[in-house]
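The structure appears right after this line, and notes come after that.
The values are calculated or read from the model by the stated rules, or taken from the named source; none is laboratory data. Just so it is clear, the model here is predicted, and its values are computed rather than measured. We place every Cβ from the backbone using ideal geometry, glycine too, and count neighbours over all the protein chains shown. The accessibility values were calculated without ligands, DNA or RNA, using every heavy atom of the protein model including side chains. Shrake-Rupley method; radii C 1.70, N 1.55, O 1.52, S 1.80 Å.
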Amino acid sequence: MSPRSVLFVCLGNICRSPVAEGVFRHALQQRFGAASAAWRVDSAGTSDYHAGQAPDPRSQASALRHGVDISGQRSRAFSTADFEEFDHILVMDSSNHVNVCRLTDNPSHLAKVQLMLDVSFPGENKPVPDPYYGGDHGFEHVYQLLAQASEDWLEQWT
Ligand code: 4NP
């Protein structure tokens, strides 16, 4: 079963990537039970605007409606050390992609960075839309996209 480490990245690490982290952990647990503990799963923001904060209450609520509790997660900023720490760095949109990739010129680091939805919609450069300024519907849509992509990545990796 490989890879064993994945980092999800968005701008603030309070709306999209915390849900990605939670839903991916949940999918791992469903598939592998106790063996899922061998995986390292984390999330980060390209900014430190919200460092130390819990996920947006709307993200927490939409995840919890599907049985995924992300209330214990705290926002942190992406660090260049993450390029070494993780096998895969999955970003939510092209702006996250630019912001992460500008932090390294190492080809092996750059090869780890992919759009989260590339697995579900290959070649479409489809973003996970930022729901921050929208309504609750946006958060449910984000949840659905992330849940499907998590299953698709696990199919590909395991
Ligand atoms: P996220 O959403 O990148 O999915 O966590 C955002 C959260 C906060 C801000 C922007 C996007 N902000 O500008 O504060």
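The modelled label-to-label distance for the pair T104/A77, using points 7 Å beyond Cα in the direction of Cβ, is 1.8 nm.
With a ≥ b ≥ c taken as the square roots of the eigenvalues of the C-alpha gyration tensor of the stretch 5-157, please select rounded if a/c is under 1.5 and otherwise prolate if a/b is larger than b/c or oblate if it is not? Note, shape of the stretch 5-157 comes out rounded.
Note on H109: accessible area is roughly 20 Å² with a 1.4 Å probe, heavy atoms of protein only. M92 sits with roughly 0 Å² accessible to a 1.4 Å probe, with DNA, RNA and ligands left out of the calculation. With all protein chains present, how much of the accessible area of the chain (probe radius 1.4 Å) comes from carbon and sulfur, to the nearest whole percent? Carbon and sulfur: 50 percent of the exposed surface of the chain. A cut-off of 5 Å between modelled amide H atoms, ignoring neighbours fewer than 5 places along the same chain, links A77 with G45. Within the assembled protein chains, the solvent-accessible surface assigned to S79 is about 50 Å², based on a 1.4 Å probe.
What size of dipole, in debye to the nearest 20, comes out for the stretch 5-157 about its Cα centre when the only charges are +1 on Lys and Arg C-beta atoms and -1 on Asp and Glu C-beta atoms? Dipole about the Cα centre, nearest 20: 240 debye. In Å², what does the accessible area per residue of the chain work out to with a 1.4 Å probe? Solvent-accessible surface per residue comes out at 47 Å².
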